[in-house]
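Engineer: Below you'll find the structure I mean.
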Amino acid sequence: MDRAQSAPATAGERPLPDRGFPSAAARAGRVNGLDGLRTLAVALVLVYHVRPDLLPGGSVAVDVFFTISGFVITRLLLAEYARTGRIHLRGFYRRRWLRLVPALLAVCAVCAALSLTSLWAFDGAWAAAGLAALFVVNVVRAGEAGPYSDLTAPLAHSWSLGVEEQFYLLWPPVLLFLLRRWRARTVLLCTAVLCALPVLWRYALWHPGAAHRLYNGTDTRADQLLAGALVAVVLARLRAGDPRLEALRRWAGRLAWPALALLVLTAWQVPVTAGLGGWTGVWYTVGFLAVAALSATLVAGIELRPDALLSRLLSLSPLAWVGRNLSYGMYLWHYPVVRLLASLGVADGRLSATVVLTTVLALLSYAVVEAPLLRRGRPAPRPGAPATVRTAPAGGGVLRK
């Protein structure tokens with residue numbers, strides 16, 4: 001039978017429904033190691049935008065962000081479906097709005113205000129602010145041939161937010177359709193097929209003038225998000241004690257360090273956005289999928305081996321706290337800060353100044369904008385509702401909400 005059955009409950013416990021995803025409900029909490037990985041990724045992006053000579057391929061960290069996002073979002077959606085048999089799309093979009101939009105609007109407002117000053121880096125920033133607020137910077141950049149225009153500066157980095165938000169708009173209803181129509185095993189196969197389609201689409205679109213289209217398009221970057229989604233579906237399908245899970249845990253633990261090493265090596269040595277000569281076409285077609293595979297391997301290793309050295313290092317409290325609470329704000333603010341310092345003529349110590357100012361602004365964003373709205377948007381527990389008994393996660397370890 002394709003749909004896995006729920007594990008029998010022990011005395012006094014109420015068994016959780018699983019609907020073919022026996023580990024889904026137990027995998028709905030946070031993984032500190034992934035939060036630490038976010039911190040590492042945002043640090044790479046920040047250095048890349050300030051000192052591209054040090055990390056010419058630092059933009060690969062955005063690819064890692066995509067895979068983490070696809071994994072986390074899909075895991076939450078599957079957990080809700082396993083518990084309730086449905087996905088409350090309105091609630092999902094409301095939570096995403098509260099998490100992403102207010103902090104982005106604050107950055108857009110500041111950039112628009114700076115466009116009224118004499119700072120050259122913010123000339124016309126009001127237009128960029130409008131495009132960023134609508135999550136369409138990636139669409140504008142995808143349609144530009146040759147060097148990027150100044151239309152989206154100083155919020156050009158928000159192209160990745162456009163990709164993620166457009167993915168968030170499309171993937172939950174697609175996943176819900178698959179879950180309602182087919183068995184869990186077929187949902188897994190469909191996710192794998194969807195993950196492979198973008199690379200074929202990139203092959204069809206590729207020519208030297210299409211680099212911006214491939215780099216910024218949601219359809220051409222979807223495999224990096226869907227790679228994370230695929231990991232979430234696979235892990236939700238495997239219950240604790242399944243031999244396949246044990247094999248996956250073993251290999252993910254072995255390959256996590258090599259995957260991280262290859263990603264860091266790419267950031268250090270590969271000028272991803274500067275052109276790779278004859279290798280450019282390979283990178284913009286197969287290369288994106290290869291990075292997605294490395295990122296997915298790393299995510300799986302952190303999820304399945306919380307006791308491993310890599311997971312413990314990334315779970316260190318400072319790294320996990322920054323990744324959980326500040327990484328989004330740091331990503332939002334760092335690029336406007338880079339342009340602000342350039343406008344002010346700051347050359348010596350620009351990297352350290354960017355780190356300090358970005359961190360301060362991210363802290364302000366978290367304390368004043370993000371945390372209060374998230375607390376307000378958190379649903380209150382229903383009076384008298386019975387507590388849900390959660391089984392141990394198949395990957396081992398304790399996951400926190």
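Engineer: Given H placed 1.01 Å from N in the peptide plane, which residues other than close sequence neighbours of ARG30 have an amide H under 5 Å from its amide H?
Structural biologist: Distant-sequence amide H within range of ARG30: ARG400, LYS401.
Engineer: Here's another thing I want to ask about it. Multiplying the sequence separation of THR280 and ALA240 by 0.36 nm and subtracting their Cα-Cα distance, what value in nm do you get?
Structural biologist: Here the segment from THR280 to ALA240 would lengthen by 10.1 nm.
Engineer: Same structure, new question: Can you tell me which of 155-164, 355-364, 114-123 comes out highest on packing, and rank the rest after it, using the mean Cβ neighbours within 10 Å?
Structural biologist: With the highest mean Cβ count within 10 Å placed first, the list reads 155-164, 355-364, 114-123.
Engineer: Let me ask you something else. Tell me what the chain gives for mean residue ellipticity at 222 nm when only DSSP H runs of n ≥ 4 count, each as -39,500 (n - 2.57), the sum divided by the residue total, rounded to 500 deg cm²/dmol.
Structural biologist: Values: 16 runs with 255 residues, N = 401.
The helix contribution divided over the chain gives -21000 deg cm²/dmol.
Engineer: Moving to a separate point now. Using alpha carbons only, how many degrees (0 to 90, rounded to 10) separate the axis of helix 89-114 from the longest principal axis of the chain?
Structural biologist: Taking Cα atoms only, the helix is inclined about 10 degrees.
Engineer: If you filter segment 121-197 for trypsin sites (Lys or Arg not before Pro), then keep DSSP loop positions with at most 11 other Cβ within 10 Å, what is left?
Structural biologist: Qualifying residues, ordered by number: none.
Engineer: Ok, one more. Given [x] 59, 45, 31; [y] 70, 52, 39; [z] 60, 52, 45, which label gives Cα extents along the principal axes in Å as computed from the coordinates?
Structural biologist: [y]
Engineer: Then there is this: Provide ARG86, ARG95 in ascending order of the number of other Cβ atoms located within 10 Å of each residue's Cβ, fewest first.
Structural biologist: Going from sparsest to densest Cβ surroundings: ARG86, ARG95.
Engineer: Give me the one-decimal nm value for the distance between modelled label points at LEU116 and HIS88, 7 Å along each residue's Cα-to-Cβ direction.
Structural biologist: With each label placed 7 Å out from Cα toward Cβ, I get 4.1 nm.
Engineer: Suppose R0 equals 35 Å; then what is the FRET efficiency for ARG51 and ARG375 from their Cβ-Cβ distance, rounded to the nearest 0.05?
Structural biologist: 0.40
Engineer: With a Förster radius of 41 Å, plug the Cβ-Cβ distance of ARG350 and VAL193 into 1/(1 + (r/R0)^6) and report the FRET value to the nearest 0.05.
Structural biologist: The calculated FRET efficiency here is 0.35.
Engineer: For each of ASP307, ASP63, ASP35, count neighbouring Cβ atoms within 10 Å of the residue's Cβ, then give the residues from fewest to most.
Structural biologist: Placing the least packed residue first, the sequence is ASP307, ASP35, ASP63.
Bear in mind that the values in this text are calculations on the coordinates, not laboratory data. Because the structure is a prediction, the values reported are computed rather than measured. Virtual Cβ from ideal backbone geometry, glycine too; neighbours counted across all protein chains shown.
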